[in-house]
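Working notes, structure below.
The values are calculated or read from the model by the stated rules, or taken from the named source; none is laboratory data. This one's a predicted model, so the numbers in the text were calculated from it and none came from an experiment. Note that each Cβ is placed from the backbone with ideal geometry, even for glycine, and that neighbours are counted across all protein chains shown.
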Amino acid sequence: MSQYFAKGRGRAYLAAVLLLAGCAPSSHLLGTGPVSGPVVEWQTARHSVEQGKSDPVTLHGTMIEKCPTAACWFRLQDKSGVVKVDVKGAYFTVAEVPTGTEVTVHGKLHKEGDEWVLAGTGLTY
């Protein structure tokens, strides 16, 4: 093995590994993971809740707005529309996540008055 590194191949190999590791997509987890399950559109999840199902769901979309003071909620837009995601019950905020970021969020969908809200438990971006 020392002959391998002595010929300079080891440095080239190490540089290639570090370069490839730097190109890997990074993923940040907020809240309690894992964010799992099949990703569904929010309108599909809403329809399921209206039909009496209350299972947690996983949604994917773009964060288009967030609470300007505490970052304890945000609005998620996917192909089917926009839904509010409340994360204060999961004890994390989205303060460090820029608006326009694609996120995947897991939680339970429910209605608060006239508005549908996903009580998020975990988020990746």
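Looking only at the stretch 35-54, which residues are closer than 17 Å to residue 110 by Cα, free of Cβ contacts under 8 Å to residues at least 24 places away in the same chain and assigned to a loop (DSSP other than H, G, I, E, B)? Passing the criteria: 40, 51, 52, 53.
For the stretch 79-92, a tally of residues being surrounded by fewer than 19 Cβ atoms within 10 Å (Cβ to Cβ) and either under 21 Å from residue 39 (Cα atoms) or without any contact (Cβ under 8 Å) to a residue 24 or more places away in the chain (or both) returns 7. Against the criterion of being of a type outside the set (D, E, K, R), surrounded by 12 or more Cβ atoms within 10 Å (Cβ to Cβ), under 15 Å from the mean Cα position of the chain (by Cα) and over 17 Å from residue 46 (Cα atoms), residue 118 does not qualify. Of the numbered criteria (1) in contact with a Gly (Cβ under 9 Å, 6 or more places away or on another chain); (2) part of a strand (DSSP E or B); (3) more than 14 Å from residue 123 (Cβ to Cβ), the one residue 104 fails is (3). Every residue in the stretch 72-103 that is at pLDDT 95 or above and on the phi > 0 side of the Ramachandran plot, please. Correct list: 81, 100. Within the stretch 59-76, being assigned to a strand (DSSP E or B) and either touching a helix residue (DSSP H, G or I) at 6+ places or on another chain (Cβ under 9 Å) or acidic (Asp, Glu) (or both) holds for 59, 61, 65, 73, 76.
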